[in-house]
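Report on one structure; see the data block that follows.
The values are calculated or read from the model by the stated rules, or taken from the named source; none is laboratory data. Keep in mind it's a predicted model, so treat the numbers as computed, not measured. Note that each Cβ is placed from the backbone with ideal geometry, even for glycine, and that neighbours are counted across all protein chains shown. In case anyone asks, the SASA skips ligands and DNA or RNA and just uses the protein heavy atoms, side chains included. Shrake-Rupley method; radii C 1.70, N 1.55, O 1.52, S 1.80 Å.
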Amino acid sequence: MSAPQKPGPRTQRLAEMLRVDHAGEYGAVAIYRGQRAVFDRLPHKAETAALLKDMEEGEQHHLAAFDKILAERKVRPTLLAPFWNAAGFGLGAATALMGEKAAMACTAAVEDVIEKHYAEQIGDLDPDD
C-alpha cells in the first residue's frame, strides 16, 4: 500500500485561494455586524440599519457557499478567524461611530478590494495555464 500523494501545486494554490476568499467573506460579515451593532441602536438610523442587514445577509450567503466548498474540498478554514472576527467587528463599529458616510465608504472600499481580488484570481484558475 502506497502513501497518499501530496497535492500538486495547482491543488495547493486553489486551497490557498479558497481559504483567503472564505476569510474575506468572514471578515465582511463581521464588518456588517459591527456596523449594525451601532446603527441598530439608533432609531433615527433604522433605514441604514435595514440596508446593512440586507448587505450582511448577502455576505452570509457568500460565506455559507464558501463553507460548503471548503468542506467538499477538505480545505481547512483560516486559523486567523478569531482575528478576522475581532478586527472586522471593530472596523465596522468604528466606521459606524464615525457616521453613515464613513460606514458606507468602508463597505464600498471592502467590496472594491474583494472584487479586484477575485478578478486577479481568474488568471490562476485558467485551465490553459
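Condition first: at pLDDT below 95, within 12 Å of the chain's Cα centre (by Cα) and in a helix (DSSP H, G or I). Can you find one or more residues in the stretch 31-43 that meet it?
no
Among the residues of the stretch 7-22, is there at least one that is of a type in the set (S, T, Y) and in contact (Cβ under 8 Å) with a residue 60 or more places away in the chain? So that I can check it myself, show each step before the final result.
Here is the first cut: in the stretch 7-22, the residues of a type in the set (S, T, Y) are 11.
Right, trim to in contact (Cβ under 8 Å) with a residue 60 or more places away in the chain and you get none.
Among the residues of the stretch 7-22, not one is of a type in the set (S, T, Y) and in contact (Cβ under 8 Å) with a residue 60 or more places away in the chain, which makes the answer no.
R41 - would you say it is surrounded by fewer than 17 Cβ atoms within 10 Å (Cβ to Cβ) and on the phi < 0 side of the Ramachandran plot? Show your work before the answer.
Values: surrounded by fewer than 17 Cβ atoms within 10 Å (Cβ to Cβ): yes; on the phi < 0 side of the Ramachandran plot: yes.
Yes.
Report the residue count in the stretch 64-87 for those that are open to solvent by 100 Å² or more (accessible area, probe 1.4 Å) and under 18 Å from Q12 (Cβ atoms).
5
Which residue, of G24, G8, is surrounded by 19 or more Cβ atoms within 10 Å (Cβ to Cβ) and among the small types (G, A, S)? Steps first, answer last, please.
Values: G8 fails: surrounded by 19 or more Cβ atoms within 10 Å (Cβ to Cβ).
Only one candidate passes the filter, namely G24.
Looking only at the stretch 92-113, decide whether some residue is assigned to a helix (DSSP H, G or I), within 24 Å of M17 (Cβ to Cβ) and open to solvent by less than 50 Å² (accessible area, probe 1.4 Å).
Residues of the stretch 92-113 that are assigned to a helix (DSSP H, G or I), as a first pass: 92-98, 100-113.
This time we only want the ones that are within 24 Å of M17 (Cβ to Cβ), so: 107-113.
Retained after the next criterion (residues that are open to solvent by less than 50 Å² (accessible area, probe 1.4 Å)): 107, 110.
Checked the stretch 92-113: at least one residue is assigned to a helix (DSSP H, G or I), within 24 Å of M17 (Cβ to Cβ) and open to solvent by less than 50 Å² (accessible area, probe 1.4 Å).
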